[in-house]
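Novice: I have a structure I would like to understand better, so I am pasting it below and will then ask my questions one at a time.
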Amino acid sequence: MLSASSQPNFPAPFNPNNNNTTANNSGSNESKKRALSDEQIYQWLSELVTGNNRERALLELGKKREQYDDLALVLWNSYGVMAVLLEEIVSVYPFLNPPVLTASVSNRVCNALALLQCVASNSHTRTLFLSANLPLYLYPFLSTSARQRSFEYLRLTSLGVIGALVKNDTPDVINFLLTTEIVPLCLNIMEISSELSKTVAIFILQKILLDQQGLFYICTTYERFHTVASVLSKMIEQLNVPADRSNQQNQDSGSNFAVSHPSPLGSSGRLLKHVVRCYLRLSDNLEARKALANILPEPLRDGTFSTLLQDDPATKKCLTQLLQNISEA
């Protein structure tokens with residue numbers, strides 16, 4: 001266990017609910033400065049490429065992500081930068097199996113991944129990012145199952161790069177991902193990882209399902225559909241434990257408990273929101289709808305999550321629509 005004084009400085013995790021994606025509309029915000037006009041950016045790029053102070057350069061450049069609309073363009077077009085970021089990623093592979101990744105090594109590669117996320121977020125570099133097959137270099141990180149904190153952050157930050165790709169609902173991104181192993185990788189993370197990683201993984205799955213090709217891919221065979229539905233069902237089982245506890249507390253404390261004591265299950269609520277939306281999207285497929293009529297978990301039918309959803313009318317509406325859809329199957 002890391003002590004407070006030795007906590008590594010991991011980059012902020014990807015937030016699926018944050019619509020302020022850095023550099024998504026490069027050049028559209030006049031109030032933001034240009035990376036091209038910051039001499040310090042070039043100093044850190046030089047340090048990054050020459051290797052004299054690479055670890056510090058990764059950290060400092062990562063801090064600049066929210067300041068500049070055009071940082072992704074500078075990173076992509078600066079000589080040697082993308083090669084260095086790939087070198088940082090590949091150099092970590094030997095630590096994955098056996099799982100001997102230290103916090104400092106994880107922190108360093110996560111800073112490199114944060115810069116990749118910047119490139120993946122930008123509308124001008126996203127297609128180039130895909131054409132170079134760069135997401136595939138992250139899949140060894142997503143394939144890990146070690147529970148140590150260093151591995152958890154590595155998975156979470158890697159998911160953040162994929163999350164940045166899918167966030168803007170670009171069909172080319174979904175088509176690319178469907179040719180890879182991203183769906184089974186996300187499903188595995190949804191089963192074994194922390195709640196933060198699960199939330200980003202199911203966000204990616206939801207984005208894939210919302211695309212017509214993605215829904216077709218999942219529902220093409222019963223095996224694919226059943227695999228996805230089984231993982232979603234397991235997540236409902238896991239969420240059902242704190243939901244039952246919260247409902248019991250309400251009963252024990254009286255009807256005013258929920259008003260006077262806000263629910264502490266905010267993170268679980270966010271996870272449930274994505275689960276319900278995935279089920280709802282699956283129900284748009286007629287064959288999947290028929291199957292869901294038989295296999296949809298009972299807690300979604302009997303009001304188990306009413307307390308958890310009391311302040312989330314949008315998700316309550318989605319759940320109502322889901323139940324109506326399967327009743328018509």
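Novice: Grab the beta carbon distance between T221 and L128, set R0 = 41 Å, and tell me the FRET efficiency rounded to 0.05.
Specialist: 0.80
Novice: Follow-up question, since we're still on this one. Counting only protein heavy atoms and using a 1.4 Å probe, what share of the accessible area of region 56-141 belongs to carbon plus sulfur, as a whole percent? Write out the running numbers ahead of the final one.
Specialist: Details: 1890 of 3250 Å².
Carbon and sulfur: 58 percent of the exposed surface of region 56-141.
Novice: Let me ask something additional. Just to be sure I understand the model, the point goes 7 Å from the Cα along the line to the Cβ. What's the resulting L178 to N97 distance in nm?
Specialist: About 2.9 nm separates the two model spin labels.
Novice: Mind checking which aspartates and glutamates have their C-alpha under 18 Å from K316, skipping anything on the same chain fewer than 8 residues away?
Specialist: Filter leaves D244, D284, E298, D302.
Novice: Where does each of 227-236, 140-149 land if you order them by average Cβ count within 10 Å, highest first?
Specialist: 227-236, 140-149
Novice: Let me ask you something else. Please name whichever of Q206, L196, P184 sits farthest to the positive end of the charge dipole of region 154-219, dipole taken about the Cα centre and charges placed at Cβ: Lys and Arg +1, Asp and Glu -1.
Specialist: Of the candidates, L196 comes out farthest on the positive side.
Novice: Explain nothing, just the number: dipole magnitude of region 25-133 about its Cα centre with +1 on each Lys and Arg Cβ and -1 on each Asp and Glu Cβ, in debye rounded to the nearest 20.
Specialist: Working: 10 positive and 11 negative charges, 30 e Å.
Dipole magnitude for region 25-133 comes out near 140 debye.
The values are calculated or read from the model by the stated rules, or taken from the named source; none is laboratory data. Keep in mind that what you see is a predicted model, and the values were worked out from it rather than measured. Ideal geometry is used to build each Cβ from the backbone, glycine not excepted, and the neighbour counts take in all protein chains shown. With ligands, DNA and RNA removed, areas are computed over all heavy atoms of the protein, side chains included. Shrake-Rupley method; radii C 1.70, N 1.55, O 1.52, S 1.80 Å.
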